[in-house]
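To start, the structure under review is shown below, and the notes come after it.
The values are calculated or read from the model by the stated rules, or taken from the named source; none is laboratory data. This structure is a prediction, so every number in the text was calculated from the model and none was measured. Every residue, glycine as well, gets a Cβ built from its backbone with ideal geometry; the counts of neighbours run over all protein chains shown. Just the protein is used for accessible areas: all its heavy atoms, side chains included, with ligands, DNA and RNA removed. Shrake-Rupley method; radii C 1.70, N 1.55, O 1.52, S 1.80 Å.
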Amino acid sequence: MHGKNFDLHLRSEVLQRGRGDFPTFEHACLYAYRYMGMHFHAFVKALSNENRKIPKPGADDLILDFGCGPATSLFGFERAAVGRPLAATTFVGIERSQSMRNLAEVAVRTLDLGHFALEATAEQGAMSCAELGSGRANRLFLVFSYFFGQNLEYEIIEEVARAASGTISRMRPRQVVSVYTNIDIECAAWMPNGDIHYWYRAFIGRMDWKPQIDEMTYTYPVPSDLELDPNHTASGSLTYDVQAHTVSAQ
Ligand SMILES: C[S@@+](CC[C@H](N)C(=O)[O-])C[C@H]1O[C@@H](n2cnc3c(N)ncnc32)[C@H](O)[C@@H]1O
């Protein structure tokens with residue numbers, strides 16, 4: 001399958017059925033080509049909300065990214081954290097697709113991160129946090145960049161919540177920053193009750209946090225028919241929630 005057919009096949013897999021299986025490295029690359037720019041711009045926008053006073057990751061901080069894909073969040077953090085030593089931050093990406101993990105590894109190495117792990121499940125990711133973070137973290141960033149808009153199940157939410165709470169109690173970070181981004185279009189079709197925030201609310205409820213979902217529009221470059229046209233942009237509606245939580249001393 002080549003060119004446009006390949007692209008259409010990917011779109012029907014990812015968008016219409018709400019699941020991202022990337023059986024080959026080419027699928028992962030094509031996904032990144034089509035969507036990474038859009039997700040990156042959304043992520044940077046969410047981090048730039050001046051009302052939320054969100055700190056940027058630096059040394060001794062840990063980023064735990066659920067459904068990291070091609071490590072889009074890292075590029076977003078890099079853009080937002082200008083002048084801060086992102087290379088000293090530890091990154092743990094959880095991604096079930098092996099080919100996507102391979103692509104994420106290219107990204108992590110490009111950004112020269114000293115400490116990172118890419119794992120297939122949330123449980124393995126939580127274990128890697130404990131190993132890599134030498135027991136403690138200053139700040140823990142929990143990232144859900146276009147993760148909760150997928151066709152998920154309750155068991156996944158339970159596993160994600162277990163991994164997040166387990167990492168918080170083991171690493172005892174001074175602060176937890178959760179970053180959630182999502183869109184408001186195609187995914188509503190497969191979300192319970194047609195509510196695109198359904199799985200996010202389920203997760204944040206288990207953490208005893210309250211959702212503070214905002215919406216904004218943003219403009220991003222789009223590839224057009226597999227041709228990169230730098231002048232071709234589109235506007236999207238971004239829904240997101242970025243929150244900082246202070247963890248009480250234990
Ligand atoms: C919509 S993509 C978003 C990728 C990336 N976060 C971004 O913003 O570009 C969702 C990713 O989550 C992965 N994924 C879906 N369910 C997962 C699960 N239960 N555990 C780990 N990864 C999962 C998919 O393979 C896919 O790469």
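Please verify whether T72 is over 19 Å from V160 (Cβ atoms), among the β-branched types (V, I, T) and in contact (Cβ under 8 Å) with a residue 24 or more places away in the chain, treating the condition exactly as stated.
Against the criterion (over 19 Å from V160 (Cβ atoms), among the β-branched types (V, I, T) and in contact (Cβ under 8 Å) with a residue 24 or more places away in the chain), T72 does not qualify.
Is one or more of the residues making up the stretch 139-146 basic (K, R) and more than 11 Å from the ligand (Cβ to nearest atom)? Steps first, answer last, please.
Taking the stretch 139-146 first, the residues basic (K, R) are 139.
From the residues that got through so far, the ones that are more than 11 Å from the ligand (Cβ to nearest atom) too are 139.
Yes, that holds for at least one residue.
Just give me the residues in the stretch 141-163 being out of contact with any Lys or Arg (no Cβ under 8 Å at 6 or more places or on another chain), surrounded by fewer than 18 Cβ atoms within 10 Å (Cβ to Cβ) and not acidic (D, E), in sequence order.
Of everything in the stretch 141-163, those that are out of contact with any Lys or Arg (no Cβ under 8 Å at 6 or more places or on another chain), surrounded by fewer than 18 Cβ atoms within 10 Å (Cβ to Cβ) and not acidic (D, E) turn out to be Y154, R162.
If only one of A42, A71, A87, A81 is at pLDDT 95 or above and among the small types (G, A, S), which one is it?
Residue meeting the stated conditions: A71.
Report whether or not T110 is on the phi < 0 side of the Ramachandran plot and surrounded by fewer than 16 Cβ atoms within 10 Å (Cβ to Cβ).
yes
Taking the stretch 76-95 as the region of interest, how many residues are without any contact (Cβ under 8 Å) to a residue 40 or more places away in the chain and touching a Ser or Thr at 6+ places or on another chain (Cβ under 7 Å)?
Within the stretch 76-95, the subset without any contact (Cβ under 8 Å) to a residue 40 or more places away in the chain is 78-89, 91, 93, 95.
Still in the running and touching a Ser or Thr at 6+ places or on another chain (Cβ under 7 Å): 80.
The total comes to 1.
So, of the residues in the stretch 164-186 that are crowded, with 19+ Cβ neighbours inside 10 Å and not polar (S, T, N, Q), which turns out to be farthest from S48 (Cα to Cα)? Please lay out each step first, then the result.
Here is the first cut: in the stretch 164-186, the residues crowded, with 19+ Cβ neighbours inside 10 Å are 164, 167-168, 171, 173, 176-182.
Checking the rest, the ones that are also not polar (S, T, N, Q) come to 164, 168, 171, 173, 176-177, 179-180.
Details: A164: 24, I168: 25, M171: 27, P173: 23, V176: 17, V177: 14, V179: 11, Y180: 13 Å.
Here the answer is M171.
Would you pick out the residues in the stretch 34-92 that are near the ligand (Cβ under 9 Å from one of its atoms), open to solvent by less than 20 Å² (accessible area, probe 1.4 Å) and touching a strand residue (DSSP E or B) at 6+ places or on another chain (Cβ under 9 Å)?
The answer is H39, A42, F43, D65, F66, C68, G69, A71, T72, S73, G76.
Answer yes or no as to whether A137 is assigned to a helix (DSSP H, G or I) and surrounded by 16 or more Cβ atoms within 10 Å (Cβ to Cβ).
no
For the stretch 165-184, indicate whether the set of residues that are within 14 Å of the ligand (Cβ to nearest atom) and assigned to a helix (DSSP H, G or I) is non-empty.
no
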